[in-house]
Amino acid sequence: MPLTIRGLQDRLSGDLRTRWGAVMGLLVTAIGLGVVAHRAVKGVPGSPNAPMIFAMIAVQLGAVAAVSLGSRLGWVVGQYSCLVGAIYNIVQFYRARNAGRLDPNFGDEPFNVTFFLWFAGLGALMYLGTPSATQAPAPQAPSSGPSPELAPAGTAKLPAKQGDPVEWMRDNVEAIAVAFLMALIIRCFCVEVFKIPTGSMEPTLYGDTKPGEPPPAHQGDRIMVDKIGLVFSGVRRFDVCVFKYPLDRSRNFIKRIVGLPEEDLRVDHGDIWTRPHAGSDGKFRVARKPEREQAGIWLHAWPGDDVSAEKCRKEWDGAPAACYLDGAVFDTGPANGEATFRKQSPVKDWYRGKGTNGRVNDVAMRFKAVMSAGSELFVTYARSDGYGRFTTRIAANGTVSFAHLPDAGGTFEPLPMPQPATQGAVAEGAEVEVGQWDGAVHVRIAGREVAVWEYVDVLPDRLRMPDAPPFQVMFGSHGGAVRFEKVWVGRDILYNETGQNAGESVLTGQPFLSIPKDRYFAIGDNVCNSKDGRLWKERILKLKNGLVMHGDGDSPENYPQNRAEEGGMERFRDLDGTDHWFRREDVEDEGDQEKPWHPFVAREEMVGKALVVWWPMERFKRIR
């Protein structure tokens with residue numbers, strides 16, 4: 001018979017499977033509507049958007065179908081999820097309010113749209129999850145004894161406890177307590193969610209765009225941080241980690257770990273070089289980023305918005321005009337397969353209005369290759385730091401070979417190059433990437449690394465700096481036509497000693513930085529716009545009563561002219577984030593003359609490893 005509203009009510013009352021399915025649907029709907037409504041109310045660009053709504057509808061229908069098949073699990077999971085969401089909403093609000101920085105995604109008060117939807121789902125789950133007074137009792141086994149007295153027609157006789165409000169309250173209080181305990185355990189020991197407030201890790205992780213910053217504007221990424229991973233795998237070089245800011249442990253920072261305990265570190269040629277304290281031959285060796293980490297680090301260098309043939313010809317010279325096509329496409333066919341394209345302007349260290357504007361020698365080139373039989377393509381990088389020129393050749397049959405041309409009068413001698421190797425013919429339209437970083441050339445074809453040449457290991461003695469080469473990147477073909485489609489050029493992080501401060505840092509004025517036991521050294525990926533271990537200094541404030549306080553030397557809040565005042569008292573925040581109040585006349589030494597460096601993160605200050613970006617959805621990715 002057709003399902004009417006009354007029929008649906010009857011089924012919700014009497015059929016557990018249908019009820020659990022409907023309840024789970026209500027839960028997912030509450031969560032989904034909370035996200036969509038909140039984004040819409042706050043005016044987030046592009047919200048609500050159709051793909052997100054369709055995705056939530058699909059999840060909702062899947063949950064209803066799955067839970068309707070069987071068990072009480074849907075009700076339990078639903079209760080816990082809604083309760084955790086509501087508690088999280090309140091905690092986030094009060095944490096932000098106490099820190100004086102309300103998160104706009106949680107509104108100006110805790111009791112907003114999301115909050116009410118969480119508790120609406122929780123209340124519905126509690127109510128619908130309680131056995132209904134109209135539900136028929138479970139069948140009883142036949143008894144040989146006297147027949148019980150029959151109940152009046154149209155009624156059902158229930159056990160006394162089934163509608164007992166005390167029992168209902170006890171079950172739900174128990175569920176709430178367990179949910180709250182599990183939420184605390186997960187947050188404290190397993191996984192925690194953070195928001196990226198600044199751009200110090202861009203472009204790996206985006207922060208909130210500040211007023212006056214160049215476009216494009218974006219919101220800070222929401223990330224999940226793995227805490228338990230620190231216990232099993234520890235901290236490895238180039239891990240992106242969240243830690244307590246050593247100069248104010250009430251705040252969390254996120255940076256990339258470049259220096260490990262008990263080693264010496266220096267920055268040279270834009271790379272990180274290290275040597276261990278124990279068992280060292282005294283030589284610094286390059287710290288190479290693994291390929292997976294490097295893939296997430298490349299910064300876009302070329303092309304810009306204009307990819308017309310005319311623009312490409314202005315950027316890359318050396319070939320006939322017919323070889324340049326719209327869409328960053330270069331074709332050597334019109335030149336009978338013998339053409340060369342040279343980038344006229346070098347790749348510079350510049351990102352969103354900040355940088356050293358120096359030349360970046362670690363670059364990568366990526367394109368889709370369409371190669372004719374017998375052809376060979378090449379990519380050449382001309383460095384400006386004394387290493388010389390490196391050429392990678394890829395034949396149509398897949399043979400990869402390398403060559404090195406030293407600078408005029410150059411003194412650098414590379415490590416032996418690998419023998420040419422054939423990995424199979426290059427498929428039409430296969431993506432080819434030739435990247436150079438951390439003293440090595442890497443070649444990838446169709447998503448697979450096929451050749452590597454590590455041309456330097458030990459930091460060379462002072463190299464003779466050549467005259468500026470006439471180009472930095474050059475590519476082309478010999479022996480047959482090659483079509484280079486969707487050409488892209490990226491650059492690596494150019495590590496430097498001073499960061500956003502053009503003056504001194506802990507790395508300047510000394511040959512290397514010695515990292516003690518159980519300490520780490522961190523630098524942000526946005527090297528020229530990152531407050532990190534290179535720049536951290538203490539301020540030591542001494543009072544006349546003998547009290548000595550250590551705090552953040554560069555925090556405006558601790559400057560004498562900016563210290564908060566209340567009732568004639570001034571505030572100073574120490575390394576633990578604790579505020580101390582005193583009168584101005586009680587200060588003996590403001591600590592302005594000498595600020596000791598405080599560059600390291602202690603092992604106990606580590607919070608966890610950045611795992612994934614989970615919001616916004618279009619930036620969902622594994623963090624490397």
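The values are calculated or read from the model by the stated rules, or taken from the named source; none is laboratory data. Values in this document were obtained by computation on a predicted structure and should not be read as measured data. Positions of Cβ are backbone-derived with ideal geometry, glycine not excepted, and every protein chain shown enters the neighbour counts. Only protein heavy atoms, including side chains, enter the accessible area calculation; ligands, DNA and RNA are left aside. Shrake-Rupley method; radii C 1.70, N 1.55, O 1.52, S 1.80 Å.
Couplings for region 539-556, taken from phi via the Karplus curve 6.51 cos²θ - 1.76 cosθ + 1.60 with θ = phi - 60°, read 10, 10, 9, 10, 9, 5, 7, x, 6, 10, 10, 10, x, 6, x, 10, 7, x Hz in order; Gly and Pro are left as x. Distance between the pseudo-spin-label points of Q510 and M465 (7 Å out from Cα toward the beta carbon): 2.5 nm.
Compute the Rg to Rh ratio over region 406-480 from the alpha carbon atoms, using the Kirkwood formula for Rh, and round to two decimal places.
Radius of gyration relative to Kirkwood radius: 1.02.
For region 467-606, the orientation-averaged shadow of the C-alpha convex hull comes to 15.6 nm² (one quarter of the hull surface). For the pair region 166-211 and region 308-327, the centres of their Cα atoms are 52 angstrom apart. Using a 1.4 Å probe on the protein chains only, how many percent of the accessible area of region 510-576 belongs to carbon and sulfur? Carbon plus sulfur share of accessible area: 46 percent. Couplings for region 367-378, taken from phi via the Karplus curve 6.51 cos²θ - 1.76 cosθ + 1.60 with θ = phi - 60°, read 6, 9, 9, 10, 10, 7, 4, x, 7, 9, 9, 9 Hz in order; Gly and Pro are left as x. Multiplying the residue separation of E449 and R292 by 0.36 nm and removing their Cα-Cα distance gives an extension gain of 55.4 nm.
When the gyration tensor of region 557-621 is built from Cα positions, what are the square roots of 5 times its three eigenvalues, in whole Å, from largest to smallest? Please report the intermediate quantities before stating the final value.
Details: eigenvalues 269, 61, 25 Å².
In descending order, the three semi-axes are 37, 17, 11 Å.
For region 571-583, 3J(HN,Hα) computed residue by residue from phi via the Karplus equation (6.51, -1.76, 1.60; θ = phi - 60°) reads 10, 9, 9, 8, 5, 8, x, 8, 8, 10, 10, 7, 9 Hz, glycine and proline entered as x.
Using a 1.4 Å probe over the heavy atoms of the protein chains, calculate the carbon and sulfur portion of the accessible area of region 223-297 as a whole percent.
Details: 1450 of 2940 Å².
C and S atoms contribute 49 percent here.
Once the chain from N397 to E604 is taken as fully extended at 0.36 nm per residue, the excess over their C-alpha distance is 69.2 nm. Accessible surface area normalised per residue over region 224-322 is 44 Å², counting heavy atoms of protein chains with a 1.4 Å rolling probe.
So how much slack lies between N562 and A177, counting 0.36 nm per residue of separation and subtracting their Cα-Cα distance, in nm? Intermediate results must be reported in sequence, preceding the final value.
Details: separation 385, 0.36 × 385 = 138.60 nm, distance 4.47 nm.
Net length gain for the segment: 134.1 nm.
Candidate cross-link partners of K348 among the lysines, defined by an alpha-carbon separation under 29 Å and a same-chain spacing of 8 or more, comprise K210, K255, K289, K311, K314, K368, K486, K531, K621. Restricting the calculation to alpha carbons of region 428-540 gives Rg and Dmax of 19.8, 69 angstrom. In whole angstrom, how far apart do the alpha carbon centroids of region 219-244 and region 482-524 sit? So the two Cα centres are separated by 20 Å. In this label model, V193 and S308 are separated by 4.6 nm, measuring between points 7 Å along each Cα→Cβ vector.
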